[in-house]
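The values are calculated or read from the model by the stated rules, or taken from the named source; none is laboratory data. Everything numeric in this text was worked out from a predicted model, so none of it was measured. Quick reminder, even Gly has a Cβ in these numbers, built from the backbone with ideal geometry, and neighbours come from all protein chains shown. Side chains are part of the model used for accessible areas, which takes the heavy atoms of the whole protein and leaves out ligands, DNA and RNA. Shrake-Rupley method; radii C 1.70, N 1.55, O 1.52, S 1.80 Å.
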Amino acid sequence: MYKYFTNPVDIAKRIMTNYVKEGDIVLDCTVGNGNDTIHLAKLVGDSGKVYGFDIQSIALKLTREKLEKENLLNRVFFIHDSHENIDNYISEKLSLIVYNLGYLPGGDKSIKTNPITTIKSLKKAIKLLKSNGLLLITCYTGHSGGKEEKEKVKAYLSALDQKYANVLEFNFINQKNNPPVLYGVEKF
């Protein structure tokens, strides 16, 4: 088993663990099955806050139940809406924003993120980041529309002015079966 280069999801989790501090305000733009939301809730502590967006009520319900079991629900504010509308709910500066693009694992595969709303959301997310804030985007490419969405995300991020942000792409180049790609943005 590999020790350091495991997969983009694990790398994103390691970045979150090393970056997010107690009292931070963070955003999970795609709650999904709740793994990132729960991890972030632990990291921000009692004095922090996690916003969690999802367009599917089932994702929010299941994550809410998991958070209740771990006594972390008081740190998370759920928003049942598309992530393209984050600016309608959040005006605070955020330390970290995370996306897992695609569909809800184990859910309806026809309900998934798409390039148009994702790019709208990313533009708003970058504005919400505080100075030296981080944006992590995991793109899954194995489903219909996934490669197109990844290419649109990459094109948008590649065009960000280097005086404004650093952008990193973490991608396995020798693996089969469409491994996910992680993009990291650090805003100056």
Quiz item: Which of the residues belonging to region 78-97 are more than 24 Å from P180 (Cα to Cα) and either in contact (Cβ under 8 Å) with a residue 60 or more places away in the chain or surrounded by fewer than 17 Cβ atoms within 10 Å (Cβ to Cβ) (or both)?
Solution: H80, D81, N85, D87, N88, Y89, I90, S91, E92, K93, L94
Self-check item: Residues that are open to solvent by 20 Å² or more (accessible area, probe 1.4 Å) and in contact with a Ser or Thr (Cβ under 6 Å, 6 or more places away or on another chain), drawn from region 48-60
Solution: I55
Exercise. Note down all Cβ pairs under 9 Å where the first residue falls in region 13-24 and is at negative phi, the second is open to solvent by 90 Å² or more (accessible area, probe 1.4 Å), and they're at least six residues apart or on different chains.
Key: K13/N35; E22/D46
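Rundown of residues vs (1) at pLDDT 95 or above; (2) under 25 Å from V20 (Cβ atoms); (3) touching a Leu at 6+ places or on another chain (Cβ under 9 Å), yes/no style:
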| site | (1), (2), (3) |
| --- | --- |
| E148 | yes, no, no |
| E151 | yes, no, no |
| L157 | yes, yes, yes |
| V167 | yes, yes, yes |
| V181 | yes, yes, no |
| E186 | yes, yes, yes |
Quiz item: Do the conditions hold for G184, that is, is it in contact (Cβ under 8 Å) with a residue 40 or more places away in the chain and in a loop (DSSP other than H, G, I, E, B)?
Solution: no
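Output the residues belonging to region 31-47 that are open to solvent by 10 Å² or more (accessible area, probe 1.4 Å) and of a type outside the set (K, R).
Our first condition is that a residue be open to solvent by 10 Å² or more (accessible area, probe 1.4 Å); within region 31-47, this holds for 32-33, 35-36, 38-39, 42-43, 46-47.
Within region 31-47, G32, N33, N35, D36, I38, H39, L43, D46, S47 qualify.
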Quiz item: Only one of T17, T6 is surrounded by fewer than 20 Cβ atoms within 10 Å (Cβ to Cβ), within 17 Å of I137 (Cα to Cα) and at pLDDT below 95; which?
Solution: T6
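Taking the options N100, N132, name whichever one is open to solvent by 20 Å² or more (accessible area, probe 1.4 Å), at positive phi, in contact with a Ser or Thr (Cβ under 9 Å, 6 or more places away or on another chain) and touching a residue at least 24 places away in the same chain (Cβ under 8 Å). Give the derivation first.
Values: N100 fails: at positive phi.
Unique residue meeting the criteria: N132.
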Quiz item: Looking at K112, K163, which is the one that is more than 20 Å from D54 (Cβ to Cβ) and either touching a Phe, Trp or Tyr at 6+ places or on another chain (Cβ under 6 Å) or not aromatic (F, W, Y) (or both)?
Solution: K163
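Quick check, is E186 within 15 Å of the chain's Cα centre (by Cα) and open to solvent by 20 Å² or more (accessible area, probe 1.4 Å)?
Yes; evaluated as a whole, the condition is true for this residue.
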Practice problem: Among residues belonging to region 138-153 that are without any contact (Cβ under 8 Å) to a residue 40 or more places away in the chain and open to solvent by 40 Å² or more (accessible area, probe 1.4 Å), point out the one that is nearest to N178 (Cα to Cα). | Solution: G142
Quiz item: Given the conditions (1) closer than 23 Å to I55 by Cβ; (2) open to solvent by 60 Å² or more (accessible area, probe 1.4 Å); (3) of a type outside the set (S, T, Y), which single one is not true for E169?
Solution: (1)
